[in-house]
Amino acid sequence: MLKTVYNQTSDMPLSIIIFTTMLTILGLISLFSISMDQFDEVGITTFTKQLFFLIPAFVGFITILFIPKYMIHKYIYFAYSLMLMLILTPFLFETIAGTHRWINFGLPVSIQPSEFAKLIVVVALARYLSDHNLQMKRFMTILFPILIALIPAVIVLQQPDLGTAIILLTPILPMLYWVGARPFHLFILVAPLLSIATAFHTTSFTLWAIVMGSIIYLTQPRLFFGVMLYFGNIFLGLLSPFLWNSLRPYQQKRILTLFNPELDPLGAAYQTIQSKVAIGSGGFFGKGLGSGTQTHLKFLPVQESDFIVSVIGEEFGFITIAIMLIVFLIFMLKIVKLAFLAKERFPGLVLIGIATIFMAHVFVNTAMSTGMIPVKGLPLPFISAGGSFLLSCFIMIGLIMKMGDESIE
């Protein structure tokens, strides 16, 4: 068995394993510190749960190595259909923390199907785009791949889980660009988002209107289409107040307190304020393992998952956060390099999609912890606690190893 595993991995990008191991160890050390005074009714801590989930995570990683690429390509649409049924299943169970995100089997742990939806959507997109590569120059052709990601994203949004829904959509643009879609078509997809985002600031909206008009003029689409595109986006921007009112009150508060934490320092802004206090108090080298006051006096909420960067900053200092981010950067650049070297379009697209998923998680988690963006619960790959997420991350590592090695069929 060990010899077979060695033969399967001997020609693979083993630096990916090194980076994964480094990040996983950092996560376990951080969770061990958090768990020093954290026990439930049966003596299980977040640290011991994470250790337990490393077993199925490793099994999932090894399993992917033994699945031929052609089988992944062949059966991904079946897996996609199964995934849709799985992310609908939590609606049949009682809510956990007010949401329908988990499937509870009556065990101490639950399964979150939406975590696996991310990698399945990436592979499904990779198959469709690689199979229809020559047709991607037409705008109507790129609408179907958008639906592949949009359908599960809408379902997840109803759980509700806005963060995961956004992550499901992030691979679309990079993968479309990678397969050769026209940049102007990608601009058409991004323009509505920028129209909504800038509509709340008159100067920003005016500048965006000028930039948008210039791009449309320089690309010279058909007159009717160009006029409809321009004024459609302007009209969409004017509808932004209605979109704002469609947000839940707690979502509105998170956005408002991003710009002015004093509006609700003990409510919506509390997590961000405590997170920045924890990171700042750690200084350059940190207070030491188990010595974080914000962490161990429970001032820092959701510290084992969404705000684990704050724990690392307080106890191990800015230097450790910097090293962690450098490792993540090299890790993702390595995946992109493997995509460049891929001899086939399908594995290259899978690698780009996975790199995008990891990048989105790292950016959102770290930016949220430092108050750069509104609070939205997304874990940090390999470091944050969470069995389903850890398992999905290791499966994606298996896919990276598989797709990054052209010698394995």
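The values are calculated or read from the model by the stated rules, or taken from the named source; none is laboratory data. These numbers come from a predicted model, not from an experiment. Because the Cβ atoms are built from the backbone with ideal geometry, glycine has one as well, and the counts that use them run over all protein chains shown.
Each residue in the range 185-212 was checked for being at pLDDT 85 or above, loosely packed, with under 15 Cβ neighbours inside 10 Å and touching a Phe, Trp or Tyr at 6+ places or on another chain (Cβ under 9 Å), and 0 of them qualify.
In the range 54-82, the residues that are of a type in the set (G, A, S) reach residues that are part of a helix (DSSP H, G or I) and surrounded by 16 or more Cβ atoms within 10 Å (Cβ to Cβ) with C-beta atoms within less than 7 angstrom, at least six apart or across chains, in these pairs: A57/L390; A57/L391; A57/F394; G60/L391; G60/F394; G60/I395; G60/G398; A79/I120. For the range 67-87, does any single residue satisfy the condition of being in a loop (DSSP other than H, G, I, E, B), of a type outside the set (S, T, Y), within 25 Å of V179 (Cβ to Cβ) and modelled with pLDDT under 95? The answer is yes; a qualifying residue exists.
Tally time: how many residues in the range 279-312 are more than 25 Å from the chain's Cα centre (by Cα), crowded, with 24+ Cβ neighbours inside 10 Å and polar (S, T, N, Q)? Outline the logic, then answer.
Step one: of the range 279-312, the residues more than 25 Å from the chain's Cα centre (by Cα) are 280-294, 296-299.
Keeping just the survivors that are crowded, with 24+ Cβ neighbours inside 10 Å gives 282, 292, 294.
Restricting the remaining residues to those that are polar (S, T, N, Q) gives 294.
Adding up the residues that qualify gives 1.
Would you confirm whether any residue within the range 336-354 is under 21 Å from T170 (Cα atoms) and either among the hydroxyl-bearing types (S, T, Y) or touching a strand residue (DSSP E or B) at 6+ places or on another chain (Cβ under 8 Å) (or both)?
Keep residues of the range 336-354 that are under 21 Å from T170 (Cα atoms), which gives 336-340, 345-354.
Going one step further and asking which of them are either among the hydroxyl-bearing types (S, T, Y) or touching a strand residue (DSSP E or B) at 6+ places or on another chain (Cβ under 8 Å) (or both), we end up with none.
Checked the range 336-354: no residue is under 21 Å from T170 (Cα atoms) and either among the hydroxyl-bearing types (S, T, Y) or touching a strand residue (DSSP E or B) at 6+ places or on another chain (Cβ under 8 Å) (or both).
Within the range 116-154, the set of residues being surrounded by fewer than 14 Cβ atoms within 10 Å (Cβ to Cβ) and either of a type in the set (S, T, Y) or in a loop (DSSP other than H, G, I, E, B) (or both) comprises K137, R138.
For (1) part of a helix (DSSP H, G or I); (2) at pLDDT 95 or above; (3) within 27 Å of P249 (Cβ to Cβ), each residue gets a yes or a no:
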| site | (1), (2), (3) |
| --- | --- |
| G290 | no, no, no |
| T295 | yes, no, no |
| E304 | no, no, yes |
| L333 | yes, no, no |
| F358 | yes, yes, no |
| G371 | no, no, yes |
| V375 | no, no, yes |
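I'm checking my understanding of the structure. Among residues of the range 182-232 that are outside any helix (DSSP H, G or I) and without any contact (Cβ under 8 Å) to a residue 40 or more places away in the chain, which one is farthest from L129 (Cα to Cα)?
Of the residues in the range 182-232, the ones outside any helix (DSSP H, G or I) are 182, 199-201, 220-222.
This time we only want the ones that are without any contact (Cβ under 8 Å) to a residue 40 or more places away in the chain, so: 201, 220-222.
Values: H201: 37, Q220: 27, P221: 24, R222: 26 Å.
Step by step, filter the range 182-232, then rank; the result is H201.
Based on this model, can you work out whether L229 counts as under 30 Å from L351 (Cβ atoms) and either surrounded by 15 or more Cβ atoms within 10 Å (Cβ to Cβ) or not small (G, A, S) (or both)? No.
Take the conditions surrounded by fewer than 17 Cβ atoms within 10 Å (Cβ to Cβ) and under 19 Å from M22 (Cα atoms) and apply them to L341. Does it pass?
Working: surrounded by fewer than 17 Cβ atoms within 10 Å (Cβ to Cβ): yes; under 19 Å from M22 (Cα atoms): no.
No; evaluated as a whole, the condition is false for this residue.
Scan the range 155-175 and tell me whether some residue there is over 30 Å from V375 (Cβ atoms) and part of a helix (DSSP H, G or I). Checked against the condition, which is being over 30 Å from V375 (Cβ atoms) and part of a helix (DSSP H, G or I), the range 155-175 yields no hits at all. Considering only residues in the range 79-94 that are among the aromatic types (F, W, Y) and farther than 21 Å from A126 by Cα, the one that is farthest from the chain's Cα centre (by Cα) turns out to be F93.
Within the range 116-142, the set of residues being over 13 Å from Y80 (Cα atoms) and either modelled with pLDDT of 85 or more or of a type in the set (F, W, Y) (or both) comprises L129, S130, D131, F139. Considering I330, I326, I321, I354, the condition of being hydrophobic (A, V, I, L, M, F, W, C), at negative phi and out of contact with any helix residue (DSSP H, G or I) (no Cβ under 9 Å at 6 or more places or on another chain) is satisfied by I326 alone. Among the residues of the range 313-334, those identified as crowded, with 19+ Cβ neighbours inside 10 Å, closer than 18 Å to G282 by Cβ and under 20 Å from the mean Cα position of the chain (by Cα) are I321, M324. Within the range 363-383, which residues are at negative phi and either touching an Asp or Glu at 6+ places or on another chain (Cβ under 7 Å) or crowded, with 22+ Cβ neighbours inside 10 Å (or both)? Matches in the range 363-383: V364, N365, M368, S369, V375, G377, L378, P379, L380, P381, I383. One residue stands out in the range 213-224 among those that are surrounded by 12 or more Cβ atoms within 10 Å (Cβ to Cβ) and over 15 Å from P192 (Cα atoms): the one that is farthest from the chain's Cα centre (by Cα), namely P221. Looking at (1) at pLDDT 95 or above; (2) surrounded by fewer than 20 Cβ atoms within 10 Å (Cβ to Cβ), which is the only condition I354 fails? Result: I354 passes all but (2).
Evaluate the range 21-41: report whether one residue or more is of a type in the set (A, V, I, L, M, F, W, C) and in contact with a Lys or Arg (Cβ under 6 Å, 6 or more places away or on another chain). Talk me through it step by step, then tell me what you get.
Restricting attention to the range 21-41, the residues satisfying the condition of being of a type in the set (A, V, I, L, M, F, W, C) are 22-23, 25-26, 28-29, 31-32, 34, 36, 39.
From the residues that got through so far, the ones that are in contact with a Lys or Arg (Cβ under 6 Å, 6 or more places away or on another chain) too are none.
Within the range 21-41, none of the residues are of a type in the set (A, V, I, L, M, F, W, C) and in contact with a Lys or Arg (Cβ under 6 Å, 6 or more places away or on another chain).
Of the residues that sit in the range 337-358 and are small (G, A, S) and within 20 Å of the chain's Cα centre (by Cα), which one is nearest to H132 (Cα to Cα)?
Our first condition is that a residue be small (G, A, S); within the range 337-358, this holds for 339, 342, 348, 353, 355.
Remaining after also requiring within 20 Å of the chain's Cα centre (by Cα): 339, 348, 353, 355.
On the way: A339: 18, G348: 15, G353: 17, A355: 22 Å.
Ranking the candidates gives G348 first.
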